[in-house]
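Accompanying notes for the structure given below.
The values are calculated or read from the model by the stated rules, or taken from the named source; none is laboratory data. Bear in mind the structure is a predicted one, so any value in this text is a computation, not a measurement. Every residue, glycine as well, gets a Cβ built from its backbone with ideal geometry; the counts of neighbours run over all protein chains shown.
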Amino acid sequence: MSYGNRRALVGFLGQLDLRLGKSKGGPGHRTTIYLFGGAAAVVAYGAPRATMDLDVLIEEARVQDLLIEWGGPDSDLARRYGLHLQAANVTLMPIEDPDWRGRAVEVLKGEFSALKTMALGKEDLVLSKLGRYSDKDRADIQYLLEESGVDPSRLIRLFKSARRFYAGDLRSLDLTFNVVLREHFNRGPLAF
């Protein structure tokens, strides 16, 4: 099996949806799940890569704990799909909290009965990858900037606002963002 491809990710989420819908401990209503990272890039924007983890945020802590129990790294579902669910650490992402929720996009609409699946908006997804900036993050940023029509002025505006919420090293973050601006938009360094 090709781990992390879109079909596998959707199948994995479908199993969680099915369990949540049947669970007596479930919320009894549709729950919103937010996808971050590689899973958001693949499912929402068609990035041609694989991921083995689904970084998620679910506002209802009890439901998030339940889903991570069912789909976490040591679960039967994780062994079957070669994927696992984990909580996204939004404090290590330069995204505007709570404003990113309003820019999130619904994906897999109509696929699930218990889960409403949302993914970070494209600009927020680009910004979320600046903190770590691994090879996969750089590839995702390149793909999103080339394929999704990100407006550099909007990206800069969101970055300036979002950096207030970042818990990491701001100097390093600013340098990384300037690299992205230079490489993808041919823009000189900005001071923040």
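Summary table
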| item | result |
| --- | --- |
| Residue that is surrounded by the most Cβ atoms within 10 Å (Cβ to Cβ), among those in the range 40-56 that are assigned to a strand (DSSP E or B) and of a type in the set (D, E, K, R) | Asp55 |
| Residue match in the range 57-76 (condition: charged (D, E, K, R), without any contact (Cβ under 8 Å) to a residue 12 or more places away in the chain and outside any helix (DSSP H, G or I)) | yes |
| Among the candidates Gly82, Gly71, Gly37, residue that is farther than 19 Å from Leu120 by Cβ, out of contact with any Gly (no Cβ under 8 Å at 6 or more places or on another chain) and surrounded by 13 or more Cβ atoms within 10 Å (Cβ to Cβ) | Gly71 |
| Filtered residues of the range 129-178 (kept if loosely packed, with under 15 Cβ neighbours inside 10 Å, closer than 25 Å to Gly46 by Cα and aliphatic (A, V, I, L, M)) | none |
| In the range 85-123, residue farthest from Leu18 (Cα to Cα) [restricted to those that are exposed (fewer than 15 other Cβ atoms within 10 Å of the Cβ) and among the small types (Gly, Ala, Ser)] | Gly102 |
| Number of the condition not met by Ile95 [criteria: (1) outside any loop (DSSP other than H, G, I, E, B); (2) within 12 Å of the chain's Cα centre (by Cα); (3) modelled with pLDDT under 95] | (1) |
| Test: residue in the range 101-111 that is out of contact with any Pro (no Cβ under 6 Å at 6 or more places or on another chain), farther than 23 Å from His29 by Cβ and either of a type in the set (Val, Ile, Thr) or in contact (Cβ under 8 Å) with a residue 12 or more places away in the chain (or both) | yes |
